[in-house]
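Q: This is the structure I have questions about; it appears just below.
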Amino acid sequence: MRVVIAGGHGKISQHLLRLLAEQGGNGVAMIRDPAQIADIKALNADAVVIDLESASTEQVAGVLQGADAVVFAAGAGPGSTVERKDAVDRAGSALLADAAEQAGVRRFLQVSSFGAGQPVPEGTDEVFTAYLAAKTAAEEDLTARTGLDWTVLRPGGLTDEDPTGMVTLSVPPLDRGQVPRADVAAVLLALLDSPDTAGKVLMLTSGDTPVADAVAAHGAYRG
């Protein structure tokens, strides 16, 4: 399976690239900084240098040619501005979805966030408000498309703890909680192998259910 990941140098993405390689898949990381190529190669994955904030739909579609699936895991990151939250977290996802449709790649996973699709609590700071608004708008753009087999994954608070392999995966709503990035990657891998999860918005935290069983509850995971 050839999987192209936007935001390919992110922590979740690196876990996913490693898992893909271990299963004999071909992970392709879309990155902005050429200095990150060595990190991607060390994961037995390929890297393509391209900036979603300046690339055209045609350029991104060229990267996606021959892919089996696309994962949007990009984000403006900590310390970024309100403007970049919109440019990356919303517009970047929409651009990738446009490119996937143009390239004929139907399977599309979007990494979103707890809080997306819900009213922003009073007192939330401006930048985080913009982040949630961008994630909500990205979800709305994706879920309105009929040319993609999309699944939206909203993980809870992300940690760098070791993977547990045990999660709670639910349609909204779900009580707020945390989840290791490595477990998010494991769920993404299982979702890639579960096309019956297309058309679903799923929320994820640590829990008591093995990843394979959690995904199987929402589709036909082949394991």
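Q: How much length, in nm to one decimal, is gained on full extension between Ala35 and Glu22, taken as 0.36 nm per residue of separation minus their Cα-Cα distance?
A: Working: separation 13, 0.36 × 13 = 4.68 nm, distance 2.40 nm.
Here the answer is 2.3 nm.
Q: Report the label-to-label distance for Asp46 and Thr164 in nanometres (one decimal), using points 7 Å from each Cα along the Cα→Cβ vector.
A: 3.7
Q: How many angstrom separate the Cα center of the range 155-214 from the Cα center of the range 1-77?
A: Answer, in whole Å: 21.
Q: Follow-up. Considering the Cα positions of the chain, please state its Rg to one decimal place and its Dmax as a whole number of Å.
A: In Å, with Rg to one decimal and Dmax whole: 16.0, 47.
Q: Relative to 2.2 N^0.38 Å, what does the C-alpha radius of gyration of the range 86-148 come to as a ratio? Two decimals please.
A: Taking N as the residue count of the range 86-148, the ratio is 1.20.
Q: Now, a different point. Taking K and R as +1 and D and E as -1, what net charge do the other residues with C-beta under 12 Å from the C-beta of Asp149 add up to? Could you put the intermediate results ahead of the total?
A: Numbers: positive: Arg106, Arg107, Arg145, Lys200; negative: Asp68, Glu101, Asp196.
Net charge around Asp149: +1.
Q: With θ set to phi - 60°, apply the Karplus curve 6.51 cos²θ - 1.76 cosθ + 1.60 along the range 101-109 and write out the HN-Hα couplings as whole Hz, x wherever there is a Gly or Pro.
A: Ordered by residue, 3J(HN,Hα) equals 4, 5, 7, x, 9, 7, 6, 9, 9 Hz.
Q: Mind giving me the FRET efficiency for Asp208 and Ser56? R0 is 45 Å, r the Cβ-Cβ distance, nearest 0.05 is fine.
A: Working: r = 46 Å, r/R0 = 1.01.
For Asp208 and Ser56, the calculated efficiency is 0.50.
Q: Taking H placed 1.01 Å from N in the peptide plane, check which residues at least 5 places from Thr164 or on another chain put their amide H under 5 Å from its amide H.
A: Placed amide hydrogens put Asp183 under 5 Å from Thr164.
Q: Then there's this: Please work out how much length the chain gains when fully extended from Met1 to Gln178, using 0.36 nm per residue of separation minus the C-alpha to C-alpha distance, in nm with one decimal. List each step's numbers first, then the result.
A: On the way: separation 177, 0.36 × 177 = 63.72 nm, distance 2.93 nm.
Additional length available on full extension: 60.8 nm.
Q: In whole Å, what three semi-axes, largest first, describe the equivalent ellipsoid of the range 136-196 built from its Cα gyration tensor (square root of 5 times each eigenvalue)? Don't jump to the answer; show the numbers that get you there.
A: Details: eigenvalues 104, 42, 20 Å².
Three semi-axes, in Å: 23, 15, 10.
Q: Over the range 73-223, what is the relative contact order in whole percent, taking alpha-carbon pairs under 8 Å and six or more residues apart?
A: On the way: 267 pairs, mean separation 34.1, N = 151.
Relative contact order for the range 73-223 comes out at 23 percent.
Q: Binning every alpha carbon pair distance of the range 95-223 at 5 Å from zero, what are the percents per bin?
A: 2, 11, 20, 22, 20, 14, 8, 2, 0
Q: So if R0 is 22 Å, what FRET efficiency would Lys11 and Arg106 give, r being the distance between their Cβ atoms, rounded to the nearest 0.05?
A: Calculated transfer efficiency: 0.25.
Q: Counting other beta carbons within 10 Å of each Cβ, put Thr209, Thr124, Thr151 in order, fewest first. If you can, show how the numbers build up before the last one.
A: Values: Thr209 16, Thr124 13, Thr151 26.
The fewest-first ordering by Cβ neighbours comes to Thr124, Thr209, Thr151.
Q: At 7 Å along Cα-to-Cβ for each site, give me the label-to-label distance between Thr146 and Ala198 in nm.
A: Rounded to a tenth, the inter-label distance reads 1.4 nm.
Any read-out appearing in this document is the output of simple, stated calculations on the displayed coordinates, not a laboratory observation. Keep in mind that what you see is a predicted model, and the values were worked out from it rather than measured. Positions of Cβ are backbone-derived with ideal geometry, glycine not excepted, and every protein chain shown enters the neighbour counts.
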